[in-house]
Ligand SMILES: Cc1cc2nc3c(=O)[nH]c(=O)nc-3n(C[C@H](O)[C@H](O)[C@H](O)COP(=O)(O)O)c2cc1C
Ligand code: FES
């Protein structure tokens, strides 16, 4: 599958941000995920063509990083299990997520609705235990609020995931005062940043 | 005496500290105007005179590092916003709540270093911080603080925000540069150092978010003023992330020299639920732990070195009396085992070994010989088990995995032994 004109345009703009084309590999891999919802061989070939390296070189790079996923659900639920979250009960939070969704750590639901993973520190240690949904943060979780969160994801299947929404509905005390509401959110299991896929309000 | 440098604005103006309007209204970009009227070498001199040391973990004096920058062009400045050391969330707050402070620091630093293209490498799990810094860059460009011929000075600068994709090792500066070049994020063997051969094999300075966020203040007030804050060898303020079993977790900007008791008990509000303090990690997951006997030690680089640990990334993780230290150590060791890039054997194999041994102890299957085995394996990764470590590994990640082991074996060996002999029930 070749990229849509809109995606091609975004890709050109990304490549232009770097002194050397090859540096665009990482952002273009996110763009490839946006295009198809996950990383595919065709997506990697497209990235290689646009950055002047072979598909094998793209694969070598992509496979190094955990956020480029060849298999992932519509939403990605990442539960932190590093030290500060561990001390405040992240195991129970992960168990609650796995139990409520029926999806164990590292797996994707059969219907493709969501994936569950345990991850290392996501920089929300002051609001431990913390979770990200499509990399949007929610802090101060409990097993019960985590259950409610994934139930909401499954029942509502929201188009856009926003950190402030999650925090308001399900979160507890955050690491620091987050300031004003950020209208931008994620539209898939990749970070909501600039050209890779964001949605405002 | 100045108590706050980095967090004044976000504390005073929580609703809009990230906007250009508020930044300018509170004196922002005046330092840039001043800097553009100075000679680049004079700016670097002020930074050197400030004696500020890097806030990314290694604590190298920033002015000295800048002095190593090789003369060839183009050269690059790369801001390390990969913050992924467990227990650390300070750069996230600086990026989200005061991004213009960092942007101004980037422009001033680039002018001083003769850089026309800078990068901000933000970890992939930080989309909101990346959005905030990107928005700030766009506002700054529209206002003429960035782009071509900045404020009519003839100096031009472009800044690219780059997102990582989930690899702790990319915080190590040479791995970060490989990643920025579109490669696997494996560390490079040094030398050459990045200041000589960095991004695209050109001279490159890599600095942490917090380090560069201090630059506007240093230029406004002068290097000597910064050098007058805090004790010798630990100048300036630092933003510490306090988490774990404290009443009031959060980021605290303090003048170095304050005691641990002040930070944990006064600022952090003491231990949750009125429990007793058991131990704490003073500088991110890599740092050897401290115990209540050390509470009245000052928070300085020197005192930490004397106690065989470090301030590292500024992540302080507090554990109360009920903490199962074997489970805590396992959480930390597992992190390093998983984040090892796999390039070096002692790191890759050693960390996995340590993880397995801790796991079996925790599951009540520990052997008496495991106590010595933990130390043997550790010694292979970090010979002599000293801090700062001697290394058999390519980068300091390997020895970091050893810190939790030496910490529990030094301070809580009896607890590990009791778990192995079945005197106390194992399990989390
Ligand atoms: C395994 C490893 C991870 C690191 N992670 C980070 C990081 O996330 N952020 C950071 O600024 N420095 C990190 N560092 C330190 C960098 O290599 C480098 O020293 C630093 O970015 C330089 O900036 P500074 O002098 O301003 O501190 C890490 C080092 C190692 C060995
Ligand atoms: S330890 Fe979970 S967010 Fe840092």
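The values are calculated or read from the model by the stated rules, or taken from the named source; none is laboratory data. Computed from a prediction, not measured in an experiment: that's the story for all the values here. Here the Cβ is made from the backbone with ideal geometry for all residues, glycine too, and neighbour counts use every protein chain on show.
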Could you figure out which of (1) more than 16 Å from ligand 1 (Cβ to nearest atom); (2) closer than 16 Å to residue B:40 by Cβ isn't true of residue B:142? (2)
In the set B:43, B:52, B:106, which member is in contact with a helix residue (DSSP H, G or I) (Cβ under 9 Å, 6 or more places away or on another chain), within 11 Å of ligand 1 (Cβ to nearest atom) and either more than 28 Å from residue B:17 (Cα to Cα) or at pLDDT 95 or above (or both)? B:52
Among residues of the stretch B:371-428, those that are within 25 Å of the chain's Cα centre (by Cα), surrounded by 18 or more Cβ atoms within 10 Å (Cβ to Cβ) and closer than 21 Å to residue B:291 by Cβ, counted: 15
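What is the residue count in the stretch B:172-196 for residues that are farther than 17 Å from residue B:76 by Cα and within 14 Å of another protein chain (Cβ to nearest Cβ)?
Applying the first criterion (farther than 17 Å from residue B:76 by Cα) to the stretch B:172-196 yields B:183-191.
Cutting the leftovers down to within 14 Å of another protein chain (Cβ to nearest Cβ) gives us B:183-187.
Residues meeting the conditions: 5.
Quick check on this structure: which one of B:210, B:232 is in contact with a helix residue (DSSP H, G or I) (Cβ under 9 Å, 6 or more places away or on another chain), within 14 Å of another protein chain (Cβ to nearest Cβ) and either within 16 Å of ligand 1 (Cβ to nearest atom) or part of a loop (DSSP other than H, G, I, E, B) (or both)?
Values: B:232 fails: within 14 Å of another protein chain (Cβ to nearest Cβ).
Residue meeting the stated conditions: B:210.
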Please state which of the following conditions residue A:138 fails to meet, knowing it meets all the rest: (1) more than 16 Å from ligand 1 (Cβ to nearest atom); (2) in contact with a strand residue (DSSP E or B) (Cβ under 7 Å, 6 or more places away or on another chain); (3) over 20 Å from residue A:185 (Cα atoms). (3)
Starting from residues that are buried (at least 24 other Cβ atoms within 10 Å of the Cβ) and in a loop (DSSP other than H, G, I, E, B), keep the ones in the stretch A:130-161 and report whichever is farthest from the other protein chains (Cβ to nearest Cβ). A:141
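For the stretch B:312-328, which residues satisfy the criterion of being in a loop (DSSP other than H, G, I, E, B) and either touching a strand residue (DSSP E or B) at 6+ places or on another chain (Cβ under 7 Å) or surrounded by fewer than 24 Cβ atoms within 10 Å (Cβ to Cβ) (or both)? Even if it seems obvious, please write down each step before you answer.
So the first thing to find is which residues in the stretch B:312-328 are in a loop (DSSP other than H, G, I, E, B), and the list is B:312-314, B:321-324.
Matches in the stretch B:312-328: B:314, B:321, B:322, B:323, B:324.
Considering A:78, A:63, which residue is buried (at least 19 other Cβ atoms within 10 Å of the Cβ) and facing chain B (nearest Cβ under 10 Å)? Quick ask: steps written out before the conclusion?
Details: A:63 fails: buried (at least 19 other Cβ atoms within 10 Å of the Cβ).
The match here is A:78.
Which ranges mark the helices (runs of 4 or more DSSP H) fully within the stretch B:361-428 that have 3 or more residues being within 16 Å of ligand 1 (Cβ to nearest atom), assigned by TED's automatic domain parsing to the domain that holds residue B:336 and touching a helix residue (DSSP H, G or I) at 6+ places or on another chain (Cβ under 6 Å)? So that I can check it myself, show each step before the final result.
Working: elements: B:370-381, B:397-411, B:413-420.
In the stretch B:361-428, the matching helices (runs of 4 or more DSSP H) lie at B:397-411.
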Go through A:107, A:42, A:100 for me and flag whichever is surrounded by fewer than 24 Cβ atoms within 10 Å (Cβ to Cβ), modelled with pLDDT of 95 or more, under 30 Å from residue A:9 (Cβ atoms) and more than 16 Å from ligand 2 (Cβ to nearest atom). A:42
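With the structure loaded, tell me whether residue B:120 is within 14 Å of another protein chain (Cβ to nearest Cβ), surrounded by 23 or more Cβ atoms within 10 Å (Cβ to Cβ) and under 14 Å from residue B:79 (Cα atoms) or whether it fails that test.
Spelling it out, residue B:120 is indeed within 14 Å of another protein chain (Cβ to nearest Cβ), surrounded by 23 or more Cβ atoms within 10 Å (Cβ to Cβ) and under 14 Å from residue B:79 (Cα atoms).
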The stretch B:334-345 residues that are away from chain A (no Cβ under 11 Å), paired with ones that are outside any loop (DSSP other than H, G, I, E, B) (beta carbon under 7 Å, 6 or more apart): B:340/B:347; B:340/B:348; B:340/B:351; B:340/B:397; B:344/B:398
Enumeration of residues in the stretch B:236-295 that are free of Cβ contacts under 8 Å to residues at least 60 places away in the same chain, assigned to a strand (DSSP E or B) and over 22 Å from residue B:91 (Cα atoms): B:259, B:271, B:277, B:278, B:290
Out of the residues in the stretch A:92-129 that are within 22 Å of residue B:128 (Cβ to Cβ) and part of a loop (DSSP other than H, G, I, E, B), which is farthest from ligand 1 (Cβ to nearest atom)? A:129
Can you name the number of the only condition in (1) over 29 Å from residue B:311 (Cβ atoms); (2) touching a helix residue (DSSP H, G or I) at 6+ places or on another chain (Cβ under 9 Å); (3) surrounded by fewer than 16 Cβ atoms within 10 Å (Cβ to Cβ) that residue B:338 fails? (1)
